[in-house]
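*Asks:* Here it is: the structure, laid out below.
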Amino acid sequence: MLRKDAAASALAALSMALGIAAVTCIFSVVHAVLFDPFPYKNFERIVRIGIAPLKQGPLRGAYSIAEYRAIRERSHMLEDAFATGFDRMRLTEGGGPIEDVSASLFSSNGFEFLGVKPLLGRTFLPDDYGSGGEPRPVVVLNYLFWQRRFASDPKIVGREVRLNGQNYTVIGVMPLRFTFFTSPGVLSLWRPLPVDGIQNSRVMVHGRLKPGVSLTSAAAELHSILTPFAEADPKSFPANGFAMQLVPFGDWVRPWIRTTVYVLLAAVGFLLLIACANVANLLLARACVRTKEISVRLAVGAHRWQLLRQLLTESVLLSVCGGATGVLLAVWGTKALVTLLPPNAINSEMEIRVNSAVLVSSLVVSILTGILFGLIPAIHASRLDISQTLKEGEKGSSGGLSGHRTRNALVVLAFAFSMILLTGAGLMIRTFISLTQEDPGVRTDHVLTLWLWPAPNAEPALGQRIAFFRNVLEQLQAAPGVKSATVGLGFPPYGGITSKVAIEGRIAAQQLEATVAAVSAGYFATMGIPLLRGEILAASNVIRAEHVAVVNQTMVQQFFPAGEDPIGKNIRLDVLARRQAPGGPGVRIVGVVADSKNDGLRKKPVPGLFVPFTLSPQPGYQLAVRTVSSPLAALPTVRARIAAVDKEQALTNVTLEESIALGTAQERFAMVLLSVFAVFGLALAAIGIYGAMSYSVSQRTREIGIRVALGAGAADIIRLVVVGGFRLALIGVVLGAFGSVAITRMISSQLYGVTASDPPAFVSVAALLCFVGLVACYIPARRAAGVSPLIALRSA
């Protein structure tokens, strides 16, 4: 029966294929993000253990080795616990380029705790520690390290690599999906964690709850275990008491990607409904054409249930064929989808692919949609009046008034859903444009940024760190093609570390907070931030590590009453107190600069300060170089000048424009996907109204022939057909507009510079849909206008 009308069957299968392909792609993302985000054993019971102050204060996430041992040995509500730390190493082995390596330190039970077997070799054993607890020089490589540096050599186990000037033996390689707390896209490895209890090292602790144990019960037990440590060393714990904070490992999935997945799931649901409406309309039209055949079957004894079953079988077969084609399309589409994900959007261990669970879900959806879109035409066909249908004959049958209304309703439904999809995509496009046009408050052109780390063989002394960065800046400022250079922590669009602020001589009614950026003297010239009052940081301020600060305009407006001059005011910064900066935590304001983005592109600038980086130098800083020409063209010169200070410096570079563009990655991802779904929805809606009007014209051939015979012109026929079809599109657009107002509130949290009921977006989408509706109606209308009255009357 399907082969008798192969063109219509193929069109129906293709419509379903597009819908099922979109569903399968999104199911792949949903499965990876929500149901299988990590490869670890019982990851849903893994928790990260932290110490939270009862009142205000920072969360403490690091423990001494003794505290970790107590947690592991005394807890009865944890199945097990393991400790991890971080390190940075420099790879110089093999004659290749010098590279910085991210190193994670694991306690001996770490890999066993996580339950992931190595791809090659083995993981840590008790024998990897000496008699005093010191770790032996062995490492386990991540997949990227093994693939990129050693060309996936299967004989890598047992080889030595040179890290920080020392040889380490490779004992294993982990699978591609295992990247526990390592930096994505960076060479990473794991080393044994020192467990002798003598070193003053701090570690993070993860535990796995026993089945049925609540977070509250486990937190209470861990609090009792750590209370003796707090009594013995109160300085290491919050001053006003503490509580244990257990964070489920799954909560580390980025919240915005969860929201985006839900939005995309709703979008693909609308797309599937449009496809179902189209196919239902097509099958209903076919059922109307087959009224005589169906009546004959009923007349010779067929039961209505048998007829209903046959029609449903045809629709389900169409759906399954479309679903199989859709899955094949989805395999390619899912790979394309992964490439659209912004960097670091999801955990690198999430594997987005069409797996068995996704295939089963797609099969179920295919069958259910086959029943859904086949039910309406099947019920309609099974309710025919046999005698009346046989009297009328097959030619010219239109399926009755109810069938006509049902087909029109399906067209309206398709346009309404398309209106919702297109509106959502339009809002995301407007959001993306608003963000790309947002002024970051700095000049992003001709700025190259790099990360600088002194040699990691040993922790450099304070003076050595300052000398290293000062020598690098001196070399760069004397280089041809370089206008200025600076180092710091807190480059736009994020501004540094949040710190409590106390203004001298003032008792604040509430706690004041500001973002503190540590920078060198050339920061403001390099970033293009203008000075408004006072002075900027001078080279002498930075070299002598003077306790001075420059504040932004927002801080002046919020922290100082109208007319009060902030210049010369002394303020206290908790961040300097925590880092025990020489000279104390106080700084004196010497200047005010214009605002720049320091809390992301979406938010307004927050109160911010800029202090000399020499007050408390960190192991590494970001370097920014403003060049005369293209920043990438100046890169060889920059690298050569840095190599003059440290020939083993490993450098990774990106322009400031690229760095700020990462702030729009989320919006770009959602915009592209919603736009793709909207285009598919628009195409399906156009196909739906085109199919409906084509069928209507074919059924009204005799009527059109009579009209032409009575003197109707081509324009009259075109107007007759177009007005009827355009009316359906217009009704769908109006209904879709009301639905869009309600549905688009789901993405209101992801919008920027535009509201969920933005008039330009609604008007432009409505105009586009009306235009598409007109074109889809015009094609069959032109065909109807060319009908010969003689041929039409003879065929009737």
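The values are calculated or read from the model by the stated rules, or taken from the named source; none is laboratory data. The structure displayed is predicted, hence computed values, not measured ones. Positions of Cβ are generated from backbone atoms using ideal geometry, with glycine treated the same way; all protein chains shown enter the neighbour counts. Just so you know, the surface numbers come from the protein's heavy atoms only, side chains and all, with ligands and any DNA or RNA stripped out. Shrake-Rupley method; radii C 1.70, N 1.55, O 1.52, S 1.80 Å.
*Asks:* R0 = 51 Å: FRET efficiency of residue 579 with residue 353, Cβ-based, nearest 0.05?
*Replies:* 0.70
*Asks:* In addition: Residue separation times 0.36 nm, minus the C-alpha to C-alpha distance between residue 715 and residue 162: what's the value?
*Replies:* 190.8 nm
*Asks:* Can you give the net charge of the other residues whose Cβ lies under 15 Å from the Cβ of residue 627, counting K and R as +1 and D and E as -1?
*Replies:* Cβ neighbours under 15 Å give a net charge of +2.
*Asks:* If R0 is 56 Å, what FRET efficiency do you get for residue 734 and residue 630 from their C-beta distance, rounded to 0.05?
*Replies:* 0.60
*Asks:* Right, another one. What angle, in degrees between 0 and 90 and rounded to the nearest 10, separates the Cα long axis of helix 400-436 from the longest principal axis of the Cα atoms of the chain?
*Replies:* With both axes taken from Cα atoms, the answer is about 20 degrees.
*Asks:* Another question, if that's okay. Roughly what % antiparallel, to the nearest 5, for the DSSP beta bridges in the chain?
*Replies:* About 80 percent, rounded to the nearest 5.
*Asks:* Please give the residues of the stretch 465-481, grouped as numeric ranges, whose backbone N is less than 14 Å from a label point set 7 Å along the Cα-to-Cβ vector of residue 640.
*Replies:* 476, 478-481
*Asks:* Now for a different question. For the stretch 677-712 and the stretch 502-555, compute the distance between their C-alpha centroids and round to whole Å.
*Replies:* 70
*Asks:* Please list the three semi-axes, largest first and in whole Å, of the ellipsoid equivalent to the stretch 478-530, using sqrt of 5 times the eigenvalues of its alpha carbon gyration tensor.
*Replies:* They are 32, 11, 8 Å, listed from largest to smallest.
*Asks:* To continue, here is another question. Which of rounded, prolate or oblate describes the stretch 14-163 when judged by the alpha-carbon gyration tensor and an a/c cut-off of 1.5?
*Replies:* Since a/c reaches 1.5 but b/c is at least a/b, the shape of the stretch 14-163 is classed as oblate.
*Asks:* Further, regarding this structure: 7 Å from Cα along Cα→Cβ at both residue 622 and residue 235: what's the point-to-point distance in nm?
*Replies:* Here the answer is 3.4 nm between the modelled labels.
*Asks:* Hey, could you get me the Stokes-Einstein D for the stretch 412-496, Kirkwood radius over alpha-carbon pairs, 4 °C and 1.567 mPa s, rounded to whole µm² s⁻¹?
*Replies:* 73
*Asks:* While we're on this one: How much of the accessible area of the chain, probe 1.4 Å, is carbon plus sulfur, in whole percent?
*Replies:* C and S atoms contribute 59 percent here.
*Asks:* For residue 437 and residue 665 in the same chain, what is the full-extension length gain: residue separation times 0.36 nm, less their Cα-Cα distance, in nm?
*Replies:* Answer, rounded to one decimal: 80.7 nm.
*Asks:* Here's something else I'd like to know. Search the structure for amide H atoms under 5 Å from the amide H of residue 513, placed 1.01 Å from N in the peptide plane, and list their residues when 5 or more places away or on another chain.
*Replies:* 501
*Asks:* Next up: Can you tell me the 0 to 90 degree angle between the C-alpha axis of helix 65-74 and the longest principal axis of the chain, rounded to 10?
*Replies:* 50
*Asks:* Quick one: pull the percentage of alpha-carbon pairs in the stretch 1-103 with a separation above 21 Å.
*Replies:* 70
*Asks:* Calculate the length of the line joining the C-alpha centroid of the stretch 571-596 to that of the stretch 427-456, in whole Å.
*Replies:* First find each Cα centre; the distance between them is then 26 Å.
*Asks:* Straight-line reach from residue 4: which lysines fall under 24 Å, measuring Cα to Cα and dropping same-chain residues less than 8 apart?
*Replies:* Those lysines meeting the cut-off are 292, 395.
*Asks:* Extension gain residue 251-residue 533, at 0.36 nm per residue separation less the Cα-Cα distance, in nm?
*Replies:* 97.0 nm
*Asks:* With 25 Å as the limit, write out which pairs from 483/597; 55/210; 500/604 have Cα-Cα distances beyond it, or answer none.
*Replies:* Distance filter (> 25 Å) returns 55/210.
*Asks:* Using a ≥ b ≥ c from the Cα gyration tensor of the stretch 622-662 (square roots of the eigenvalues), is it rounded, prolate or oblate, where a/c under 1.5 gives rounded and otherwise the larger of a/b and b/c decides, a/b for prolate?
*Replies:* oblate
*Asks:* Taking R0 as 35 Å, what FRET efficiency do you get between residue 1 and residue 703 from their Cβ-Cβ distance, rounded to the nearest 0.05?
*Replies:* Approximately 0.75, to the nearest 0.05.
*Asks:* Here's another thing I want to ask about it. Based on DSSP H runs of at least 4 residues, each adding -39500 (n - 2.57), what is the mean residue ellipticity at 222 nm of the chain after dividing by all its residues, to the nearest 500 deg cm²/dmol?
*Replies:* -16000 deg cm²/dmol
*Asks:* In addition: Find the percent of Cα-Cα distances in the stretch 260-340 that exceed 17 Å, and round it to a whole number.
*Replies:* Value for the stretch 260-340 (Cα pairs over 17 Å): 63 percent.
*Asks:* Over the alpha-carbon set of the stretch 49-105, work out the extent along each principal axis and list the three values in angstrom, largest first.
*Replies:* Over the stretch 49-105, Cα extents along the principal axes are 51, 31, 17 Å.
*Asks:* Further question: With no solvent and one point per C-alpha, what does the Debye sum give as log10 I(q)/I(0) for the stretch 645-796 at q = 0.09, 0.16, 0.20 Å⁻¹?
*Replies:* So the normalised log intensities are -0.49, -0.92, -1.18.
*Asks:* Follow-up question, since we're still on this one. Suppose all protein chains stay in the model; what accessible area per residue would a 1.4 Å probe give for the chain, in Å²?
*Replies:* Per residue, the chain has 45 Å² of solvent-accessible surface.
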